[in-house]
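What follows is a short report on a single structure.
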Amino acid sequence: MTTRILLVDDQALLRLGFRMVLETQPDLEVVGEAGDGAQGVAMTRALAPDVVLMDVRMPVLDGIEATRQIVAAGSAARILMLTTFDLDEYVYTALRAGASGFLLKDVPPADLLTGIRAVAAGDAVVAPSVTRRLIDAFAGYLPDPATGRSPGDDLLHQLTDRERDVLVEVARGRSNGEIAQRLTVAEATVKTHVGRILTKLGLRDRVQVVVFAYEAGVVRPGDPA
């Protein structure tokens, strides 16, 4: 099965470089290119790509707002944001907007291909160098010290004890296989739990599970792995 990709970046040379890498792969197809966020939104609607490689800073409409509009329109496309070290502060906002992950613009070709395939399969991709900023951002979303309640408390009540266990493991970045080993269950069982968590919490993918878990205080910055 071929994964259809839309490139959205205001630098034509960068788009060309990505296209050259992607077109060497028989399972990946570049279906279009856009030079700004507004074009990206329109082309996502017209072309229905599986994955959108989205720059953060662009003219007319930035990548974060473009992501928000694409997700709000109900598109099934997974959005993989492209950033540089000095743009890490946008990670949290973009993930809240519905992005499925982040990669650096200077990512090695092999990591780019792995990231695209992972996002297309519904997994999360966050470059290690931006993880610290992401965790720091969650520090402001801990339970209210006056009430002890977290923003996601009401939603958490919908989860079973085992689903909460899986939620914590997903938030710590573990794969289904790793979670299965830690909880001594079948990997297929973990996959089922993850699906139910997404449905009950109204979340799009594993990245948003991570965001929710930190906002709800289920896991916190500095917790042991």
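Determine, yes or no, whether Thr147 is at pLDDT 85 or above and surrounded by fewer than 14 Cβ atoms within 10 Å (Cβ to Cβ). No, not satisfied.
A quick yes/no check of all residues on (1) farther than 16 Å from Ala120 by Cα; (2) aliphatic (A, V, I, L, M); (3) not in a helix (DSSP H, G or I):
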position	(1), (2), (3)
Leu6	no, yes, yes
Leu14	yes, yes, no
Gly17	yes, no, no
Glu33	yes, no, yes
Leu61	yes, yes, yes
Ala66	yes, yes, no
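For the stretch 169-220, the tally of residues that are over 17 Å from the mean Cα position of the chain (by Cα) and in a helix (DSSP H, G or I) stands at 16.
Per the conditions (1) of a type in the set (S, T, N, Q); (2) within 18 Å of Ile116 (Cβ to Cβ); (3) touching a strand residue (DSSP E or B) at 6+ places or on another chain (Cβ under 8 Å), the sole criterion not satisfied by Ser75 is (3). Scanning the stretch 17-53 for residues that are within 27 Å of Ala72 (Cβ to Cβ) and without any contact (Cβ under 8 Å) to a residue 40 or more places away in the chain yields a total of 18.
The values are calculated or read from the model by the stated rules, or taken from the named source; none is laboratory data. Since the model is a prediction, treat every value here as computed from it, not as a measurement. Glycine also receives a Cβ, built like all others from the backbone with ideal geometry; neighbour counts cover every protein chain displayed.
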